[in-house]
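Visitor: I am attaching a structure below and will ask some questions about it afterwards.
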Amino acid sequence: MKAPDMKKGPNTVLMIWLFVLFGSFVGNAAIFAAPALRHRAPQVSALTYAVFSSFCHQLPERSFFFRGFPLAVCGRCLGIYLGFSAGTILYPFLCRFKRPSLPPTSIFVLFSLPIGLDFVGTFLGLWASPIGLRLAVGLIWGIVLPFYLITGFYEAGQLLIRNYHLKSPAETK
């Protein structure tokens, strides 16, 4: 017996997209909330900085400031988060909520080159990138990421449905 697919049509992909879009907006809001809440809710601010410290070095000299304090992430990470939101917004215009498929690997490599080169050059001490360049390479890379994440969520859902269907109690009797 064939395993059922996730609901046909745009609804499944639309729901995944809305989930990703909401998450990206919440993440971006948190980045700006950390410095904004520094005086009003210092515990919330500290927790927000702590959560983002797992993903970013948060060096003040590589960060943009908001209300006199550094954002919860550096300029490059800010670019990734903002680019991710931009890519998520672009998703329905480019993919139209049809069954998602991964973009070609060459697209991922092309969008990864700027951030990779900037990181390696900075790491090796060949140059020190200004914050605007860090933001730009982050934006470029972040834009492509939702196209992989949304597809990954969709495919993971398909796999869960297939596995659940194959192991259902009705079939094991």
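Just so you know, all these numbers are worked out from the coordinates, no wet-lab data involved. Keep in mind that this is a model prediction, so the values were computed, not measured. All Cβ positions, even for glycine, are placed from backbone atoms using ideal geometry, and neighbour counts span all protein chains on display.
Visitor: For an R0 of 22 angstrom, estimate the FRET efficiency from the Cβ-Cβ distance between residue 108 and residue 50 and round to the nearest 0.05.
Guide: Efficiency for this residue pair is about 0.10.
Visitor: Pop the C-beta distance of residue 164 and residue 61 into the FRET formula with R0 = 45 Å and round what comes out to the nearest 0.05.
Guide: It comes to 0.35.
Visitor: Oh, and also: Rounded, prolate or oblate: which one fits region 59-119, using the alpha carbon gyration tensor with axes a ≥ b ≥ c (rounded when a/c is under 1.5, else prolate when a/b beats b/c, else oblate)?
Guide: oblate
Visitor: Identify which of 69, 84, 123 has the largest mean-square fluctuation in a Gaussian network model of the chain, with springs joining Cα atoms closer than 10 Å.
Guide: 123
Visitor: Hey, another quick one. Calculate the dipole size of region 10-166 relative to its Cα centre from +1 charges on Lys and Arg beta carbons and -1 charges on Asp and Glu beta carbons; express the result in debye to the nearest 20.
Guide: Here region 10-166 has a charge dipole of around 260 debye.
Visitor: Okay, moving on. Once you've got the GNM for the chain with C-alpha springs shorter than 10 Å, pick whichever of 152, 125, 75 has the biggest mean-square fluctuation.
Guide: 125
Visitor: For every other residue with a beta carbon closer than 13 angstrom to the beta carbon of residue 74, add +1 if it is Lys or Arg and -1 if Asp or Glu, then tell me the sum.
Guide: +1
Visitor: Of the candidates 31, 143, 161, which one comes out as most mobile in a Gaussian network treatment of the chain with C-alpha springs shorter than 10 Å?
Guide: Maximum among the listed residues: 161.
Visitor: Order 106-112, 19-25 from most to least packed using the mean count of other Cβ atoms within 10 Å.
Guide: My ranking of the peptides, most packed first, is 19-25, 106-112.
Visitor: Over the chain, what relative contact order in percent results from Cα pairs under 8 Å that are six or more residues apart?
Guide: With pairs under 8 Å counted, the relative contact order is 31 percent.
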